[in-house]
Each structure stands twice: as structure tokens, then as C-alpha cells.
Amino acid sequence: MNVIEVKNYEEMSRIAAQHIIKKIRAHRSYKLGLATGSTPKGVYHYLVKDHQETQTSYQQIKTFNLDEYVGISAHDSNSYHYFMREHLFNHIDIPAEHTYIPSGVSTNLEKECLHYEEKIRLHGGVDLQLLGIGQNGHIGFNEPGTSFKSRTHIVPLTESTRKANARFFPSIEEVPTHAITVGIGTILDSKEILLLASGKAKAEAISRLLNGDLDEEFPASSLLTHKHVTVIADEEALSLT
Ligand code: GLP
């Protein structure tokens, strides 16, 4: 696992964006795995800035997002669909039909999970997966205890994750109780993984990850089994290592 220490959120975002831009320019039909949350917002800001300044093209790029809340439609401002349009898709030249995000309102969620896996597989898999990390070590919405072999599935969200995400909702009661997420096995199939962490709130999780013990109670530790993982973390996130 390659660890890049950066000063702050700004630098983390810039370096991650530069890495992604380099890949996109080098490979026309690159498949990007994308994440939501506060962590990747800065990366998307830099991707948009670069697109506006240098016209890096996303016409042939395909994106696959990690997760979505169950029961929240794509038009809802709390949905991850909305988040992605707002922060990235509306500002680059990616065709809408090239952006894949699991649906949290499908009438048959089990089928949706299978279809999503199938879509990723049919496109030849994800080349680069961008990841944030939950305070309890979750990746995507794979909470502690999730099998490292898991594929796309429906998960009940833990109280700690609902609390952490409550800042985006009017009240904690409105935070969904379930999500649809790619599995840890799905994430590990990506050819390359870029995990970002910024701030003190992530210090414990990053210290545990870099400690190196494989533990299904700490989902991010699954990344220790992957050959090509880079962690870009700032001083605060690395303060307990
Ligand atoms: C959410 C997302 C994760 C994300 C995590 C951390 O639960 N499903 O993909 O990595 O929260 O979020 P943040 O980056 O806002 O700290």
C-alpha cells in the first residue's frame, strides 16, 4: 500500500485529481469508480476546473458509483445521483448514459444489485476506484462485518454512519436506514484503488488501516489484499499513525 502524505484537504484533492486526469488523457475509454461524501468533492472541483481550462474529454469515459440510499429517488437533493450531477456530471462532457449509479428506488432491489454487477462486468471492470473511508472503516456502504467477498447488496446502515451523514439531512430521522452498495469483492476487483482521507475525524480509521491487520470488522482493511492501492491522506488524518 502506497501512502502519500499531503498537507491538507486542498493538496489531497489536487494530487488525486491530477492522477485521475493523467489516466483519462492516456486511456480513451477509461472506467472510473466514483465515490460521494465530503472527501471527493475537492477532487471533482479540480476535475471540473481542468475540463474548463484544458477541455480534457470525458466523452468516452464511463463511471460507476459505489452506492445510493434506498428509498431516495435520483431527483432528490439528498440522493447520490443528485450529488454527482451537482459536483461533476453537469460540468463535464460525459454523456449521461455513461454514468452508472445503483438505483435505490428500483421495485426489485435484489435484481438491481445483480444488474449493477453485470453492468460493471460487461464494461470490463473498473480501472480506477476512488474511495473515501467512514469513521468506522466502511468503504462504499460496506459496514463492519461485511464479507470481503461480498458483491453489490442492500445493507442496513449503522447508527454511527447515519449520524455521520445526518449533516446532509434536515434531521436524523430522515436519514435512510438502508443503502445499496457495491460489495467489498466488487471494489477489490478494480484494477487500481485511490483512497482519500482528510481531517482528524479520519485519523483513527487511517491508523487502524495502516496498522495492517486484516479484519472483517474493519472493512477498509480488505484493501491490504489488493496489489495497487494508494492512500492520499493529510497531516490530520495521519496524526495517529
Ligand atoms: C458515506 C459514503 C462513503 C464515504 C463515507 C465518508 O457513508 N457512502 O462512500 O466514503 O461516507 O464520507 P465523508 O467523505 O463525507 O467523510
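FYI, it's all coordinate maths here, none of it is from the lab. These figures come from a predicted structure and were not determined experimentally. Please note: Cβ atoms are built from the backbone with ideal geometry, for glycine as well, and neighbour counts cover all protein chains shown.
Once you wrap a convex hull around the alpha carbon atoms of the chain, what is its projected area averaged over all directions, in nm²?
Dividing the Cα hull surface by four gives the mean projection, 11.8 nm².
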*Tell me, what is the Rg over Rh of region 164-203, with Rh the Kirkwood radius over Cα pairs?*
1.09
*asked:* Per residue, how big is the convex hull of region 18-99 when only Cα atoms are used? Give it in Å³.
replied: 86
*Restricting attention to the alpha-carbon atoms of region 108-241, what are Rg (one decimal) and Dmax (integer), both in Å?*
15.0, 44
_Candidate aspartates and glutamates - alpha carbon under 12 Å from K200, same-chain residues fewer than 8 apart omitted_ = D234, E235, E236
_List the aspartates and glutamates whose Cα sits under 19 Å from the Cα of K119, skipping any in the same chain fewer than 8 residues away._
D67, E68, E97, E110, D127, D189, E192
*asked:* Need the C-alpha centroid separation for region 209-241 versus region 137-205, integer Å.
replied: 15
*Using a cut-off of 13 Å between alpha-carbon atoms, which aspartates and glutamates can reach K49, once sequence neighbours fewer than 8 places away in the same chain are excluded?*
D93
*In what sequence, highest mean first, do 227-240, 133-146 appear when ranked by Cβ atoms within 10 angstrom?*
133-146, 227-240
